[in-house]
Amino acid sequence: MAFVTEQNLTDLAAERWGSAHDPRTARLLSALVRHLHAFAREVELTEDEWMSAIDWLTATGHTCDDKRQEFILASDVLGLSTLVVQLNNRLSPGATPATVLGPFHIDGSPPAEFGHDMAEGVRGTPLYLTGRVLDTEGEPVPGAVLDVWQADAQGAYEAQLDVDEARLRAKYRARQDGAYCLRTIAPLGYTIPMDGPVGELVDRTDISPFRPAHIHFLIEEPGYARLITHLFREGADHLATDVVFGTKDALVVPFVERPAGPAPDGRESTEPYLYAEYDFVLDSGGVRGGS
Ligand SMILES: [Fe+2]
């Protein structure tokens, strides 16, 4: 057995962790050791800096609870979440790109009929969103479930509020021709929570803490890759500086202003509304890893 030197320490540690019984775990841990050591060597990590990092990780853990996940937030702002999405969603050309799930999805949203108003009294500018769910050949995907959730006109999600009933979230189903139609209100962009260790770090930089206005979608149909994505409002603030690196060109859509009158759901809108149209294209290559 070789005794430890600055030169051989990384190899010794990587080899030790490479003994994990599961081959994938062995690969992950030995690579982790090599990259951690390379980082410390590159920046000549001081003992004070090492302790600061330990304190920051400890505070990040203490900030997590049932509703708040500060580690996911850390991963998001470092660009790691989006990188993992990219690596695991190399979809066919023409398929709608995926983006981050984010921390505000709630399971079990109520089913909604074609054209249902998922805002149900929550104040804001009415927004109709219509289009079709298609495959990469342009054929409709009937029955696809569109699980939709969003922030309100103040930028707040249900998960951040003390409410008992589903708020600004619902599950729609594509019709036989692939068409979907939902009514809601225009969401507002929002800042990530800035009162924890992640915000404290962001505050020490020029990074904008905002996300541009968007609506979340999780679209599923057996035989297709599950699609987790957003639609962003064209012209919204912060599109180019999304703090979690989630914005993609193909996901930015115009919200067109329309006067009161006939609405896309076949009813009359008594007030002016916004209208957006978007076809989601599911990859038919089967379900792939990641989310
Ligand atoms: Fe969001």
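The values are calculated or read from the model by the stated rules, or taken from the named source; none is laboratory data. Note that the coordinates shown come from a computational prediction; the quantities given were computed from them, not determined experimentally. A quick note on method: Cβ atoms are made from the backbone with ideal geometry, for glycine too, and the neighbour counts reach across all protein chains shown. With ligands, DNA and RNA removed, areas are computed over all heavy atoms of the protein, side chains included. Shrake-Rupley method; radii C 1.70, N 1.55, O 1.52, S 1.80 Å.
Whenever a residue of segment 98-110 is at pLDDT 90 or above, its partners that are part of a loop (DSSP other than H, G, I, E, B) and near the ligand (Cβ under 10 Å from one of its atoms), lying with C-beta atoms within less than 6 angstrom and at least six residues away or across chains, give the pairs 99/246; 100/244; 100/246.
Suppose we filter segment 90-100 for residues that are under 27 Å from residue 207 (Cα atoms) and surrounded by 18 or more Cβ atoms within 10 Å (Cβ to Cβ); how many remain? Residues meeting the conditions: 3. Listed by position, the strands (runs of 3 or more DSSP E) enclosed by segment 151-248 that each have at least 3 residues that are farther than 19 Å from residue 79 by Cα, away from the ligand (no atom under 11 Å from the Cβ) and open to solvent by less than 10 Å² (accessible area, probe 1.4 Å) are 179-185. Of all residue pairs spaced 6 or more apart or on separate chains, none has beta-carbon atoms under 6 Å together with a first member in segment 197-213 that is modelled with pLDDT under 95 and a second member that is of a type in the set (Asp, Glu) and away from the ligand (no atom under 16 Å from the Cβ). Restricting attention to segment 112-133, which residues are among the small types (Gly, Ala, Ser) and under 21 Å from residue 228 (Cβ atoms)? 112, 131, listed by residue number.
Let's see how each residue does on (1) part of a loop (DSSP other than H, G, I, E, B); (2) open to solvent by less than 100 Å² (accessible area, probe 1.4 Å):
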| position | (1), (2) |
| --- | --- |
| 3 | yes, no |
| 12 | no, yes |
| 27 | no, no |
| 40 | no, yes |
| 52 | no, yes |
| 58 | no, yes |
| 72 | no, yes |
| 76 | no, yes |
| 81 | no, yes |
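Quick check, is residue 132 touching a Phe, Trp or Tyr at 6+ places or on another chain (Cβ under 8 Å), open to solvent by 80 Å² or more (accessible area, probe 1.4 Å) and at pLDDT 95 or above? Yes, satisfied.
Report yes if residue 147 is out of contact with any His (no Cβ under 9 Å at 6 or more places or on another chain) and either more than 22 Å from residue 243 (Cα to Cα) or open to solvent by less than 10 Å² (accessible area, probe 1.4 Å) (or both), otherwise no. Taking the combined requirement at face value, the residue does not satisfy it. Of all residues in segment 139-150, those satisfying the criterion of being among the hydrophobic types (A, V, I, L, M, F, W, C) and more than 15 Å from the ligand (Cβ to nearest atom) are 141, 144, 145, 146.
Kindly indicate whether residue 136 is away from the ligand (no atom under 16 Å from the Cβ) and either of a type in the set (A, V, I, L, M) or under 21 Å from residue 228 (Cβ atoms) (or both). Here the answer is yes, as residue 136 does meet what is asked.
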